[in-house]
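Quick note: the coordinates plus some simple rules give every number you see, no bench work behind them. The model shown is predicted, which means the values in this text are computed figures rather than measured ones. Every residue, glycine as well, gets a Cβ built from its backbone with ideal geometry; the counts of neighbours run over all protein chains shown.
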């Protein structure tokens, strides 16, 4: 018999962390890992909109790292006894190398660009924005609770990655990159 997906334990607006602590669903910790979960779903859209095998493999690696971040944020820092996967500086270095490689072929940025031009480019911009929101929520959580600095460092670099990826995909798909021209 299949396990039921619903437990009914959250019907009164609370949820459990890894470690058993119950928190209201609007708590900043829940918001933090909820934003990471949303980001992971958008990364799936980016992955589904491209065909380059190397890029797909990196996006799968990013999704794995986002599950790691989600589990770290979903764990009670005091009561959790489970061994959880961890992030490392190598995860950040992987993003930085990918950014540097893409930047080698991109034209110099002379202004902000309007998101869009191709569906894959738009998905990258959405992923970038959701990533920034996840980073902000995680930093807010870190003001009052222990959060490993590598988590928000990774999210910061990941948002940079999605911006550069949006520009690379604009180039790959020969889409039009529209510069923002402020009306003064």
- prompt: So how long is each side of the stretch 70-184 along the principal axes, counting just the alpha-carbon atoms, biggest first, in Å?
  reply: 51, 33, 22
- request: Mind pulling the angle between the C-alpha long axis of helix 28-48 and the longest principal axis of the chain? Nearest 10 degrees, somewhere in 0 to 90.
  value: 40 degrees
- request: Give the order of 168, 153, 81 when sorted by the count of other beta carbons within 10 angstrom, beginning with the fewest.
  value: 81, 153, 168
- line: Residue-normalised 222 nm signal for the chain, counting each DSSP H run of n ≥ 4 as -39,500 (n - 2.57), nearest 500 deg cm²/dmol, is -20000 deg cm²/dmol
message: Could you compute Rg(Cα) / (2.2 N^0.38 Å) for the stretch 11-106, with N its residue count?
response: 1.31
